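Trainee: My structure is below; once you've seen it, I'll send some questions.
The values are calculated or read from the model by the stated rules, or taken from the named source; none is laboratory data. Bear in mind that the values here come from a model prediction, so they are computed numbers and not experimental data. Cβ placement follows ideal geometry from the backbone for every residue including glycine, while neighbour counts extend to all protein chains displayed.
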Amino acid sequence: MNDLEIIGIIKDGLKEKALDIQNPAARRIFFRTDIAHLREAARFLKEKLGCDYLATISGVDKGENFEIIYHFANQFACINLRTLTLRSLPHIPSICPEIPGAVLYERELQDMFGMVVDGIPDPRPLVLPDDWPANNFPLRKDWKFERPPEKIPGGK
Amino acid sequence: MEFKVPIGPQHPALKEPISLRMTFEGEVIKHADVRLGYNHRGMEKLAEEKTFIQNLYLTERICGICSHSHTTCFAQGVEKLMEIEAPKRGLYIRTLTAELERVHSHLLWLGVAGHEAGFDTFFMYTWRDREVVMDILETLSGNRVHYAINTIGGVRRDIDEVQRKKILDSLDLLIKRTNYYTDIGVNEPTFVARIAGVGKLPRETGIALCAVGPTIRASGVAQDVRKDDPYAVYSELPFDVCTADSCDVLGRVVVRVKELLESYKMIEYLLKNLPTGPISVKAPRKAKENEVVSRYEAPRGENMHYIKSNGSDKPERLKVRAPTLANYPATLEMLKDGFIADIPLIFAAIDPCICCAERVVQMVDGRNGEEKIVTLAELRRYSIDYYKKNPIRKEAEWPF
């Protein structure tokens, strides 16, 4: 199966739900879908294209929106499914019913970007400490870490 | 009756900090849970403030054992963003280092597996032979751990005839020793009895939980980025994807020993067919606005970097997914219905690299974000005061 055949299957199967299909390099396919069709698209990739393997989920802070990219892969290509969610209402559906291995990446999104993953089987924090202050999401662009000034004991 | 036992974050069986929370019924594990976050360094956030070339040195330090994996993954992604192509000789040297790194990592892991299985002779043998690879890497790059051989646009050090001959000579010894390990791994009855049937990961579960690398290959899935999505010069190299069908720790040992032999084959091919020419091209400082997904088969499995550029000399976003993180859900599944004594063995069998898996958060100390230096005397005084104020509670609870 080459890239063109994969794009053909995506176009036939998802029709108007698959937007901006791009093929920037060999074995790399990007397309966008609305957040409402996210789970359907994930199920389609799994069942029709054999993408059982979700490599990871990347979040990108784009100002008013967050972009979430689901990096799927089968043995022929890496298929990247992107979707947008509002920064003011960052809800995304969990794709764990389709891909059980997605849970750690969804928990990471919750920690790092403050997104709310609806229906996630395990919503506990993953990487941030238990006493991390609320509403501090490190990978948002407006979050800055300021190191407190160093004090040398006994110094001037 | 059920018992809850925390394993880690500091535990003799674990070489790096991670907390496993186990629920036992008698000796049998009923539920396993993992808590990450003891090794955070905030690298993804930091990467957004550094230039591409500075980030190369940052990614090198994601992990000590697979340092070359992360830089190669990053460098080949940035090369695509900058629309340059590394010359052939550079790619050959890059791949050579990658395969030597795989050899050193797998030998290290074999030793750890032997040690966790209580077979310390095996551990000492493999680690002695690993020194041969470490010496090769040192002659090649000048460093034993952080090779720093990659640069954006190629590699930093060329290889000469003397080095080439030295590596080829050392390979004979390594091949001989690895064949001996194959013999032990398959025929030594006590070793096989200890690892066979331990940590079962059925093929379907492994696929569903998105396991990667030797862990999934030992469950009979021929998934290898080097074959599926060849980068560098892997499309020219003769090698087979190694799999095993036993789905247990024995399978994972077999897969890694077989991969060692495949790596020797590749190293020999790379050295005998090393093309002439330059080793690197000059890279521009900035990259146009674009994005790239870079995949790499690290010794532990697939390593993925998602890099987004914004037209400046710094990345807009760098997302790193190290293979160990992908293997955690599968490990929890493997641990279920196992025995307490099998925990270190099963956990070691995914070749965990916790510093790889955790690099996400900037470090803020304590509850209020302040950093403070406390002398031992102050700490002692604080602890005495604390317990005077807070008498020991009679009905102390487990912190779960």
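Trainee: Considering each of B:CYS73, B:CYS63 in turn, give the residue that is in a loop (DSSP other than H, G, I, E, B) and surrounded by 23 or more Cβ atoms within 10 Å (Cβ to Cβ).
Mentor: B:CYS63
Table: residues versus (1) surrounded by 22 or more Cβ atoms within 10 Å (Cβ to Cβ); (2) hydrophobic (A, V, I, L, M, F, W, C); (3) touching a strand residue (DSSP E or B) at 6+ places or on another chain (Cβ under 6 Å); (4) closer than 27 Å to B:VAL133 by Cβ.
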residue	(1), (2), (3), (4)
B:PRO6	no, no, yes, no
B:THR59	yes, no, no, yes
B:ILE93	yes, yes, yes, yes
B:VAL103	yes, yes, no, yes
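Trainee: Would you mention how many residues in segment A:11-42 are assigned to a loop (DSSP other than H, G, I, E, B) and of a type in the set (A, V, I, L, M)?
Mentor: Filtering segment A:11-42 for residues assigned to a loop (DSSP other than H, G, I, E, B) gives A:18, A:26-27, A:33-34.
Cutting the leftovers down to of a type in the set (A, V, I, L, M) gives us A:18, A:26.
Total meeting the criteria: 2.
Trainee: Restricting to segment A:7-31, give me the number of residues that are in contact with a His (Cβ under 8 Å, 6 or more places away or on another chain) and surrounded by fewer than 16 Cβ atoms within 10 Å (Cβ to Cβ).
Mentor: Residues meeting the conditions: 0.
Trainee: Could you say which residue among A:PRO149, A:PRO129, A:PRO97, A:PRO121 is surrounded by fewer than 22 Cβ atoms within 10 Å (Cβ to Cβ) and at the interface with another protein chain (Cβ under 7 Å from one of its Cβ atoms)? Full working, then the answer.
Mentor: Numbers: A:PRO149 fails: at the interface with another protein chain (Cβ under 7 Å from one of its Cβ atoms); A:PRO97 fails: at the interface with another protein chain (Cβ under 7 Å from one of its Cβ atoms); A:PRO121 fails: at the interface with another protein chain (Cβ under 7 Å from one of its Cβ atoms).
Result of the check over A:PRO149, A:PRO129, A:PRO97, A:PRO121: A:PRO129.
Trainee: Okay, moving on. Is it the case that segment A:5-28 has a residue that's within 25 Å of A:ASP111 (Cα to Cα) and either touching a Leu at 6+ places or on another chain (Cβ under 8 Å) or not charged (D, E, K, R) (or both)?
Mentor: no
Trainee: Provide a single number: the residues in segment B:14-43 that are within 14 Å of chain A (Cβ to nearest Cβ) and either assigned to a loop (DSSP other than H, G, I, E, B) or closer than 21 Å to A:PHE145 by Cα (or both). Break it down stepwise before answering.
Mentor: Kept after step one, since they are within 14 Å of chain A (Cβ to nearest Cβ), are these residues of segment B:14-43: B:17-19, B:21, B:31-43.
If we keep only those that are either assigned to a loop (DSSP other than H, G, I, E, B) or closer than 21 Å to A:PHE145 by Cα (or both) as well, we get B:17-18, B:36-43.
Qualifying residue count, segment B:14-43: 10.
Trainee: Related question: With the requirement that a residue be more than 10 Å from every other protein chain (Cβ to nearest Cβ) and surrounded by 21 or more Cβ atoms within 10 Å (Cβ to Cβ), what does segment A:50-69 give you?
Mentor: Result: A:CYS51, A:PHE66, A:ILE68.
Trainee: In contact with a Ser or Thr (Cβ under 9 Å, 6 or more places away or on another chain), surrounded by fewer than 19 Cβ atoms within 10 Å (Cβ to Cβ) and acidic (Asp, Glu): does that describe B:ASP240? It would help to see each step written out before you state the result.
Mentor: Numbers: in contact with a Ser or Thr (Cβ under 9 Å, 6 or more places away or on another chain): no; surrounded by fewer than 19 Cβ atoms within 10 Å (Cβ to Cβ): yes; acidic (Asp, Glu): yes.
Answer is no for this residue.
Trainee: Check off (1) of a type outside the set (Gly, Ala, Ser); (2) within 14 Å of chain A (Cβ to nearest Cβ); (3) under 22 Å from B:SER263 (Cβ atoms); (4) surrounded by 22 or more Cβ atoms within 10 Å (Cβ to Cβ) for B:LEU209 and give me the number that stays unchecked.
Mentor: Unmet condition: (3).
Trainee: Since B:PHE191 meets every condition but one in (1) surrounded by fewer than 15 Cβ atoms within 10 Å (Cβ to Cβ); (2) over 30 Å from B:GLN54 (Cβ atoms); (3) out of contact with any Ser or Thr (no Cβ under 8 Å at 6 or more places or on another chain), which condition does it not meet?
Mentor: (1)
Trainee: A further question follows. Given the criteria modelled with pLDDT under 90 and of a type in the set (D, E, K, R), does B:LYS50 qualify?
Mentor: Answer is no for this residue.
Trainee: Related question: Among the numbered conditions (1) surrounded by 15 or more Cβ atoms within 10 Å (Cβ to Cβ); (2) assigned to a strand (DSSP E or B), tell me where A:LEU45 comes up short.
Mentor: (2) is the only condition that A:LEU45 fails.
Trainee: While we're here: What number of residues within segment B:113-134 satisfy the criterion of being under 18 Å from the mean Cα position of the chain (by Cα) and among the aromatic types (Phe, Trp, Tyr)?
Mentor: Counting residues in segment B:113-134 that are under 18 Å from the mean Cα position of the chain (by Cα) and among the aromatic types (Phe, Trp, Tyr) gives 1.
Trainee: While we're on this one: Would you point out the residue of segment B:253-294, among those that are charged (D, E, K, R) and within 16 Å of B:THR126 (Cα to Cα), that is farthest from the chain's Cα centre (by Cα)?
Mentor: It comes out as B:LYS258.
Trainee: Can you pull out the strands (runs of 3 or more DSSP E) entirely within segment A:57-129 that have at least 2 residues that are among the hydroxyl-bearing types (Ser, Thr, Tyr)?
Mentor: Filter on segment A:57-129 gives A:78-86.
Trainee: Among the residues of segment B:307-318 satisfying the criterion of being surrounded by 24 or more Cβ atoms within 10 Å (Cβ to Cβ) and either at the interface with another protein chain (Cβ under 10 Å from one of its Cβ atoms) or among the β-branched types (Val, Ile, Thr) (or both), which is farthest from B:LYS286 (Cα to Cα)?
Mentor: Ranking the qualifying residues of segment B:307-318, first place goes to B:LEU318.
Trainee: Checking the condition of a type outside the set (Asp, Glu) and over 14 Å from the mean Cα position of the chain (by Cα), which residue from A:SER94, A:SER88 passes?
Mentor: A:SER88
Trainee: Here's another thing I want to ask about it. Would a scan of segment A:21-37 turn up a residue that is within 14 Å of another protein chain (Cβ to nearest Cβ), closer than 19 Å to A:PHE76 by Cα and of a type in the set (Phe, Trp, Tyr)?
Mentor: yes
Trainee: Quick one: how many residues across segment B:143-188 are hydrophobic (A, V, I, L, M, F, W, C), in contact with a helix residue (DSSP H, G or I) (Cβ under 8 Å, 6 or more places away or on another chain) and outside any loop (DSSP other than H, G, I, E, B)?
Mentor: Here is the first cut: in segment B:143-188, the ones hydrophobic (A, V, I, L, M, F, W, C) are B:145, B:148-149, B:152, B:155, B:159, B:162, B:167-168, B:171, B:173-175, B:184, B:186.
Adding the requirement that they be in contact with a helix residue (DSSP H, G or I) (Cβ under 8 Å, 6 or more places away or on another chain) leaves B:145, B:148-149, B:152, B:155, B:159, B:167-168, B:171, B:173-175, B:184, B:186.
Imposing the further condition that a residue be outside any loop (DSSP other than H, G, I, E, B) reduces the set to B:155, B:167-168, B:171, B:173-175, B:184, B:186.
Looking only at that region, the number is 9.
Trainee: Further question: Please go through segment B:202-215 and give me each residue that is over 11 Å from B:ARG300 (Cβ atoms) and in a helix (DSSP H, G or I), ordered by number.
Mentor: B:ARG203, B:GLU204, B:THR205, B:GLY206, B:ILE207, B:ALA208, listed by residue number.
Trainee: Based on what the data block shows, is B:GLY26 within 21 Å of B:GLU302 (Cβ to Cβ) and either at pLDDT 95 or above or among the small types (Gly, Ala, Ser) (or both)?
Mentor: Judged against the criteria, B:GLY26 is not a match.
Trainee: Oh, and also: Those residues that are under 26 Å from B:ILE84 (Cβ atoms) and within 11 Å of chain A (Cβ to nearest Cβ), I need them from segment B:44-70; list them, please.
Mentor: Of everything in segment B:44-70, those that are under 26 Å from B:ILE84 (Cβ atoms) and within 11 Å of chain A (Cβ to nearest Cβ) turn out to be B:GLU44, B:LEU46, B:ALA47, B:GLU48, B:GLU49.
Trainee: Does B:ALA193 qualify as being under 30 Å from B:ALA341 (Cα atoms), in a helix (DSSP H, G or I) and of a type in the set (Gly, Ala, Ser)? Can you show your working first?
Mentor: Numbers: under 30 Å from B:ALA341 (Cα atoms): yes; in a helix (DSSP H, G or I): yes; of a type in the set (Gly, Ala, Ser): yes.
So B:ALA193 fits the description; yes.
Trainee: Here is a further query. Within segment B:322-356, which residues are of a type in the set (Asp, Glu) and more than 19 Å from B:PRO12 (Cα to Cα)?
Mentor: Taking segment B:322-356 and keeping what is of a type in the set (Asp, Glu), we get B:333, B:337, B:342, B:351.
Across segment B:322-356, the qualifying residues are B:GLU333, B:ASP337.
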